[in-house]
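The values are calculated or read from the model by the stated rules, or taken from the named source; none is laboratory data. Quantities reported herein were computed from a predicted structural model and do not represent experimental measurements. Glycine also receives a Cβ, built like all others from the backbone with ideal geometry; neighbour counts cover every protein chain displayed.
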């Protein structure tokens, strides 16, 4: 018994969204690296301790914003790639919306006020 999957010609848009998310995730990692230098949080410390660093909360928000995106990445990739087999344009469109939303979530969460991520832009 052979399994045959036909990939639609618009599937390239789905792959483009996956690549866009990878670039955004890399940009977030760079922001964490910059925050490490700015707030003096050396490797391998994952989160700063407030008793040792007065800027710990801000750094931790930058780190957590990136970490949260990493945690949801596998689910996003699977849903995007599998959904794109049947509905490539809808999947790519929703993927773009998700990426834009993730960008603003990260930017607002990184302010040091986690509640700001819930405010409308």
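With (1) part of a helix (DSSP H, G or I); (2) buried (at least 16 other Cβ atoms within 10 Å of the Cβ) as the list, and residue 104 as the residue in question, which single condition is left unmet?
Exception for residue 104: condition (2).
Looking at the range 67-98, which of its residues are crowded, with 20+ Cβ neighbours inside 10 Å and closer than 12 Å to residue 24 by Cβ?
Answer for the range 67-98, where residues must be crowded, with 20+ Cβ neighbours inside 10 Å and closer than 12 Å to residue 24 by Cβ: 69, 95.
Which residue, of 34, 54, is modelled with pLDDT of 90 or more and more than 18 Å from residue 104 (Cβ to Cβ)?
Unique residue meeting the criteria: 34.
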